[in-house]
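Beneath this line is the structure, given in structure tokens, with notes to follow.
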Amino acid sequence: MRKKVIAANWKMNGTLEQANALLDAFAAAPLTVNENKIAVFAVPAPYLMLAKEKLSGNPYLQVAAQNCYSKKSGAYTGELSVEILQSIGINYVVLGHSERREYFGESNAFLADKVNICLEYNITPIFCCGEPLEIREADTQNAFVAKQLQESLFHLSASEIVKLVIAYEPIWAIGTGKTASSAQAQEMHASIRSVFAAKYGAEVASIIPILYGGSVKASNASEIFSETDVDGGLVGGASLIADEFIKIINA
Ligand code: PGA
């Protein structure tokens, strides 16, 4: 049985005061998390240790960094290393978010290096993929996403690939209020799973969690999450509102 993952992506949002309030709310809320369904909070780097501490009472609430660099340590001013993350007990990193690809020029090859160093340090990448609007309009999204996966992940062995969490986020649905329909999400998630199945076999593909991201809200979460190949969500805007995100986790 593959794990369900509901991940919050705070992006570059929230003052310390707001972070404290949100984390306290999540720590105190009755959440339906368990060993098969975890919630992960990708908070801004200065709040990683705070989040670890505040959520430490529940082993099914995990903390993620939103990015890391491809080198273990060294003269890379401003970057965040896996060695640092491991030393503060962070087990997850979001990699390849479309905002990193677009604003910071992260390529599929660069992301392959980041995936490698995460696995070397036993940190689980939440690897993002997804197409821009023009690709969706040209109806070539399946091939576009397959190429992202092939170029960043296909050098991995089967025992490595099963350590990843994949997040499919159509760029046209991120922060736009325009969610993919649950049928569009299911269609793409099935396509992603078939890409993995072709390379690693159906059994390996069947245990990789594939999350949907892009304008997930309390009002649409249960419908999207009920699709066969949708194993949870990566949630931006709605993860900054405690009541909304609590409902999404429990959806
Ligand atoms: P959104 O962001 O939920 O605000 O659309 C999702 C994401 O970018 O991870």
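Name the residues in the range 1-17 that are within 16 Å of the ligand (Cβ to nearest atom) and either loosely packed, with under 14 Cβ neighbours inside 10 Å or part of a loop (DSSP other than H, G, I, E, B) (or both), would you?
Start the filter on the range 1-17 by keeping residues that are within 16 Å of the ligand (Cβ to nearest atom), which leaves 5-14.
Selection gives Trp10, Lys11, Met12, Asn13, Gly14.
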For this session: Evaluate the following for Gly57: is it exposed (fewer than 14 other Cβ atoms within 10 Å of the Cβ), at negative phi and either away from the ligand (no atom under 16 Å from the Cβ) or charged (D, E, K, R) (or both)?
Result: yes
For this session: Would you check if Ile208 is buried (at least 16 other Cβ atoms within 10 Å of the Cβ), away from the ligand (no atom under 16 Å from the Cβ) and in a loop (DSSP other than H, G, I, E, B)?
Result: yes
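Report whether or not Ala143 is of a type outside the set (Ser, Thr, Tyr), over 18 Å from the mean Cα position of the chain (by Cα) and in a helix (DSSP H, G or I). Show your work before the answer.
Working: of a type outside the set (Ser, Thr, Tyr): yes; over 18 Å from the mean Cα position of the chain (by Cα): yes; in a helix (DSSP H, G or I): yes.
It is true that Ala143 is of a type outside the set (Ser, Thr, Tyr), over 18 Å from the mean Cα position of the chain (by Cα) and in a helix (DSSP H, G or I).
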For this session: For residues that are over 15 Å from the mean Cα position of the chain (by Cα) and not small (Gly, Ala, Ser), tally how many sit in the range 162-191.
Result: 8
Problem set entry | Residues located in the range 146-161, provided they are part of a helix (DSSP H, G or I) and not hydrophobic (A, V, I, L, M, F, W, C) | Lys147, Gln148, Gln150, Glu151, Ser152, Ser159, Glu160
Problem set entry | All strands (runs of 3 or more DSSP E) inside the range 42-129 with 3 or more residues being in contact (Cβ under 8 Å) with a residue 60 or more places away in the chain | 124-129
Problem set entry | Restricting the range 162-194 to residues that are assigned to a helix (DSSP H, G or I) and under 11 Å from Gly214 (Cα atoms), the residue that is nearest to the ligand (Cβ to nearest atom) | Ala173
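FYI, it's all coordinate maths here, none of it is from the lab. Given the structure is predicted, the values throughout are model-derived calculations rather than measurements. Ideal geometry is used to build each Cβ from the backbone, glycine not excepted, and the neighbour counts take in all protein chains shown.
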